[in-house]
Amino acid sequence: SLAFQAVFNLLIPDHSADAFSPPRPAPAGPWDALVERLLGGLGRWDAEHFLFIAERGYLFEHNCAFLPLFPLSLRALACLWPPQLQPRSRLLLSAALLNALLSVLAAAALYGLGRAVLRRRGEAFLAALLFSLGPASVFMAAAYSESMFAFLAFSAMWQLEKGQSWLSGLLFSLASGARANGLINAGFFLYARGKRFALQLQVGSASLRKLPLMWKQVLSLASSAALMCAGISLPFALFQYYAYVRFCGPGTGLDQTVPEPLLQLARDKGYRVAGMDGAKPPWCSQRFPVVYSYIQDTYWNVGFLRYFEFRQIPNFLLALPVTLLGSWAAWTYVSTNPQHCLTLGLERSKSEEKGKPRDGFCGPAAFVYVVHATALLAFGFSCMHVQVLTRFLGSSSPILYWFPAHLLQEHEPLLWSAGTDSPASGKPLLGKSPRGKGTPDNLVVRLLLNWRLITPLSKSILGFFLCYWLLGLILHCNFFPWT
């Protein structure tokens with residue numbers, strides 16, 4: 001991805017986009033020019049905000065839509081590079097290095113999570129391979145927070161599956177400091193605690209069902225769940241307080257230290273600058289002043305059904321593949337497990353009572369992840385700029401990779417002897433690499449090399465992943481509209 005974005009950025013002229021583009025000095029030396037040529041494609045669209053925040057802090061009000069964990073990490077890593085480089089060069093190098101590492105760690109975390117939930121090693125491995133070639137790959141490489149969020153969220157889910165509640169809570173808390181939708185992950189804790197309590201009531205002794213003891217259990221459950229949810233929400237809440245102090249407090253004369261080109265940009269674009277005297281932003285007088293929702297509403301017109309306009313049809317078409325894939329995943333799971341879904345997964349199934357619950361994507365353990373993905377899909381489709389659905393789900397939900405892996409496993413004969421799990425038995429089939437070393441090869445590469453032999457469904461899935469991977473590198477890195 002890094003190599004291709006550099007090539008495309010050199011060959012294709014940048015589009016003149018109406019996006020945040022703060023003035024910056026020309027490259028001061030040959031090394032700055034080289035970094036800009038090789039990695040400049042990583043600094044487009046929202047990446048401009050992250051790089052700007054890492055360099056100058058939250059100077060403009062609308063920068064506060066981007067949470068601080070990722071830009072703070074870039075700023076810390078930038079200290080490792082030679083001081084002769086300009087700040088932008090050091091930050092671009094930091095972003096490329098950090099996201100390359102976090103993407104690999106996110107794929108490893110997704111693999112571990114898949115093994116814990118799906119209980120099929122081959123299917124989990126195939127999902128991790130699809131993540132590495134995902135339709136949102138350009139955002140995993142660019143100076144965006146997607147790689148960091150995916151690593152933290154998938155790792156937290158994995159630790160929760162292993163019973164490491166406090167470590168999981170810490171990782172979920174860090175994730176909410178990287179992206180606002182990390183707050184939704186508190187639902188995993190609530191569901192895990194509620195399910196544990198429900199199962200205890202079903203299999204426990206009669207004394208457990210006595211009212212005093214039951215109330216004690218309920219209070220313990222409620223207090224621990226409330227404490228964990230508060231911890232997950234804390235980074236987001238602290239950042240809202242920071243924004244309130246910075247933009248709603250008394251003026252500090254900060255405008256005297258801001259370079260004139262940035263002040264001129266604020267005047268031309270109508271940006272509100274921190275620390276300036278004058279009328280306070282409207283959100284400051286709200287009972288619960290939340291700058292994030294105000295920015296989404298005022299600067300980007302984000303709201304329920306606001307994007308449903310005829311001129312946005314191309315953006316709906318961009319989001320159509322991931323919308324269909326997410327909807328198909330939800331329908332497949334619900335139609336396969338209607339009773340399990342009606343009881344919200346809180347009732348032990350017959351297979352669980354016998355100690356042999358179904359594994360794979362349609363197993364009972366995947367229920368909460370399907371609900372999570374469906375909720376994100378419904379919210380994103382109705383309330384957000386719909387074209388961002390691909391990267392929104394790609395960095396937040398393992399379902400976007402588990403379900404295609406499930407489809408490939410179930411319907412692609414070429415994989416049945418290539419090291420994935422047998423659809424009939426659920427046991428791994430032994431496959432050898434083309435070199436005959438007895439180790440499974442890269443299954444996605446095997447499918448691509450045998451393109452003419454694979455099924456139309458496999459071609460559709462891989463075509464979606466490959467096309468969005470390649471188009472993202474071509475369009476996003478040259479300031480053309482993308483997801």
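Kindly indicate which of Trp81, Trp158 is at pLDDT below 95, open to solvent by 50 Å² or more (accessible area, probe 1.4 Å) and of a type in the set (A, V, I, L, M, F, W, C).
Going through Trp81, Trp158 in turn, just one is at pLDDT below 95, open to solvent by 50 Å² or more (accessible area, probe 1.4 Å) and of a type in the set (A, V, I, L, M, F, W, C): Trp81.
Determine which member of the set Ala107, Ala95 is open to solvent by 10 Å² or more (accessible area, probe 1.4 Å) and modelled with pLDDT of 95 or more.
Ala107
Within region 32-39, can one find any residue that is touching a residue at least 24 places away in the same chain (Cβ under 8 Å), open to solvent by 30 Å² or more (accessible area, probe 1.4 Å) and under 30 Å from Asn181 (Cβ atoms)?
Scanning region 32-39, I find no residue that is touching a residue at least 24 places away in the same chain (Cβ under 8 Å), open to solvent by 30 Å² or more (accessible area, probe 1.4 Å) and under 30 Å from Asn181 (Cβ atoms), so the answer is no.
Mind telling me which of the residues Tyr244, Tyr271 ends up being open to solvent by 30 Å² or more (accessible area, probe 1.4 Å) and part of a helix (DSSP H, G or I)?
Among Tyr244, Tyr271, only Tyr244 is open to solvent by 30 Å² or more (accessible area, probe 1.4 Å) and part of a helix (DSSP H, G or I).
Looking for something free of Cβ contacts under 8 Å to residues at least 60 places away in the same chain, touching a helix residue (DSSP H, G or I) at 6+ places or on another chain (Cβ under 6 Å) and among the β-branched types (Val, Ile, Thr) - is there at least one such residue anywhere in region 278-291?
yes
Scan the helices (runs of 4 or more DSSP H) fully inside region 304-415 and keep the ones with 3 or more residues being in contact (Cβ under 8 Å) with a residue 12 or more places away in the chain and closer than 19 Å to Glu161 by Cβ.
Here the list reads 367-383, 399-411.
Run down Phe189, Phe139 and say which single residue is more than 30 Å from Tyr468 (Cβ to Cβ), open to solvent by less than 10 Å² (accessible area, probe 1.4 Å) and either in contact with a helix residue (DSSP H, G or I) (Cβ under 7 Å, 6 or more places away or on another chain) or at pLDDT 95 or above (or both).
That would be Phe189, the only listed residue that is more than 30 Å from Tyr468 (Cβ to Cβ), open to solvent by less than 10 Å² (accessible area, probe 1.4 Å) and either in contact with a helix residue (DSSP H, G or I) (Cβ under 7 Å, 6 or more places away or on another chain) or at pLDDT 95 or above (or both).
Kindly indicate which of Leu430, Leu400, Leu466, Leu473 is under 20 Å from the mean Cα position of the chain (by Cα), surrounded by fewer than 20 Cβ atoms within 10 Å (Cβ to Cβ) and either modelled with pLDDT of 90 or more or of a type outside the set (Gly, Ala, Ser) (or both).
Exactly one residue qualifies, and that residue is Leu466.
Counting just the residues of region 378-395 that are open to solvent by 10 Å² or more (accessible area, probe 1.4 Å) and in contact with a Ser or Thr (Cβ under 8 Å, 6 or more places away or on another chain), which one comes out nearest to Ser145 (Cα to Cα)?
Across region 378-395, the extreme among qualifying residues is Arg391.
State which residue pairs qualify: first residue over 15 Å from Leu34 (Cα atoms) and inside region 1-23, second residue assigned to a loop (DSSP other than H, G, I, E, B) and open to solvent by 50 Å² or more (accessible area, probe 1.4 Å) in any location, beta carbons under 7 Å apart, and separation of 6 or more residues or different chains.
Going by the 7 Å Cβ cut-off, the qualifying pairs are His15/Phe480; Ala19/Trp45.
Looking at (1) in contact (Cβ under 8 Å) with a residue 40 or more places away in the chain; (2) more than 18 Å from Pro135 (Cβ to Cβ), can you tell me which one Phe464 breaks?
(2)
Please specify each residue of region 294-315 satisfying the condition of being more than 29 Å from Tyr244 (Cβ to Cβ) and open to solvent by less than 40 Å² (accessible area, probe 1.4 Å).
Correct list: Gln312, Asn315.
Taking the criterion of being open to solvent by 70 Å² or more (accessible area, probe 1.4 Å), aromatic (Phe, Trp, Tyr) and at negative phi, would at least one residue in region 217-236 satisfy it?
no
Of a type in the set (Lys, Arg) and surrounded by 22 or more Cβ atoms within 10 Å (Cβ to Cβ), is that true of Arg88?
Criteria met by Arg88.
The values are calculated or read from the model by the stated rules, or taken from the named source; none is laboratory data. Worth saying up front: this structure is predicted, and the values here are computed from it rather than measured. Note that we place each Cβ from the backbone using ideal geometry, even for glycine, and neighbour counts take in every protein chain shown. The area values use the complete protein model at the heavy-atom level, side chains included, leaving out ligands, DNA and RNA. Shrake-Rupley method; radii C 1.70, N 1.55, O 1.52, S 1.80 Å.
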